[in-house]
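Reading through the structure tokens given below for one structure.
Values in this text are rule-based calculations from the coordinates and carry no lab data. Everything numeric in this text was worked out from a predicted model, so none of it was measured. Backbone-built Cβ (ideal geometry, glycine too); neighbour counts: all protein chains shown.
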Amino acid sequence: MLPMSALLPLLPLALVVARQAQGIALDVAREAFGEAEEAAAEDGGKLWGRELLGPILFADPTTRAVAANQPDEQGRLVETDGVFTGTLPGEVGIANTATDWAGVHWTMVAWPLPAERFERTRLLMHESFHRIQPLLRHGGGDPLNNHLDTEAGRTWLRLEYRALAKALVSQGDERKHALEDALLFRARRRALFAEAATKEATFERNEGLAEYTGLKLCGLQGAALDERAAARLRGEETGASFVRNFAYATGPAYGLLLDSLGADWRASIDPKTDLSALLAIAAGWKTPGELAPEAERRSSSYGVAEIAAAERTRAVEREARDARNRARFVDGPVLHLPCSGNAQISFNPNDITPLEPVGSVYGTLYLVDAWGILDVSANGALLARDSAGSLQEGRVSAPKDASARPVAGEGWTLTLNAGWALEHGERAGDWKVVRGH
């Protein structure tokens, strides 16, 4: 990897006249690479025992242009003023993630970047953590926490958000009590749902630790870090969906509170670690024997009546949305797309609605598999998984014209690879993707 010191001098973002690589401003990209190098160098591997800086790839979802901080191994990128540019093929999904392409294991970040430097650095360090994450053996994953779309699940999570936010910006006994309230509300929620503790802990080790890393290394210090984590909790507490995004808010909160107690917690993380359990140990808190009445009593201090009323209204709206989704993806004519273990998906984690027991509806989706590329820009798609969480199939509304190429329907297009075709499904009006005969 080329040292960033070999690149052109950095200029303030507001002053540059950016050169473009099909939509990516190269001067902006170059400066962001420098910011990532600076943040990683400041950390020096102290946070996780490994250096975070590595190959970074910015990708524009509209033009599929890319800009990287180093060359690839297959000669697909061309150097332009110290930035390596090219075009990402359609079979590679674009998302904020770690990915393998052209012989390199990249930190990929979708363009454009956040305008504020702290937010930019947070994002880059978050995704850089994902690149080294397998080496840390934390065992995190991406289970959908569907219980967090229920009325009770959302109510107790919102109470936990409020308690965590209060703990972060308080001191002394006030912080201690708010911290304990957050643990109490979490314990109450988990008592209601059998798999909640395991699924939440797993997702927090994945995205929660990544977001903690990004925030911790973004350049803010002390109380400013706590306030930013609290602001996120407050800002996202009324979110449309928590099933695949709650840990972005709770992970940094638990991490910062553990740090504030002087806990030596990061080195002890393993595939069974629960961040809230670590915090409970560090704070000397134990689940009360009368969990339900104690949680109900403490909830009054956090506006539970307001939350409960809002969630009751949402639950009614959710029933109507479920009926629409069931009519669209279960009862109505659909296109079935089989998913292999090598499928790649890009999606909006804030727009996922469980449709049990069938699967989950993703508002937008970019799905790549052996048969080709499904691009869903509106009206959603359903993804079905097995009990282990592996993708089994995708569904979209039936195509308008099964003979057209690319195939298209309401809000989606399907580009089929050679050797694949559509044939009639098991029900009248259904279609399925199959290998050509």
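A compact table of results
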item: Value of relative contact order over region 146-311, rounded to a whole percent, pairs C-alpha under 8 Å and six or more apart; result: 33
item: Formal net charge of residues neighbouring LYS46 (Cβ-Cβ distance under 11 Å; K, R +1; D, E -1); result: 0
item: The chain, dipole about Cα centre (Lys/Arg Cβ +1, Asp/Glu Cβ -1), debye to the nearest 20; result: 600
item: GNM result for the chain, Cα springs below 10 Å: residue of TRP106, TRP420, TRP371 fluctuating most strongly; result: TRP420
item: Fluctuation leader among GLU306, GLU393, GLU410 - the chain, Gaussian network, Cα springs under 10 angstrom; result: GLU306
item: Antiparallel content of DSSP bridges confined to region 4-123, in %, to 5; result: 80
item: From the coordinates shown, P(r) over Cα pairs in 20 Å bins from 0, in percent corresponds to which of [x] 28, 59, 12, 0; [y] 24, 52, 23, 1; [z] 25, 58, 17, 0; result: [y]
item: Lysine pairs in the chain with Cα atoms under 29 Å, if 8 or more residues apart or on separate chains; result: 21
item: Approximate spin-label separation GLU119-VAL316, in nm, with each point projected 7 Å along Cα-to-Cβ; result: 3.5
item: Residue with peak Gaussian network fluctuation, the chain [Cα springs, cutoff 10 Å], from GLY90, GLY359, GLY262; result: GLY262
item: Among LEU367, VAL316, ALA343 - extreme Cα towards positive end, dipole of the chain, charges at beta-carbon; result: VAL316
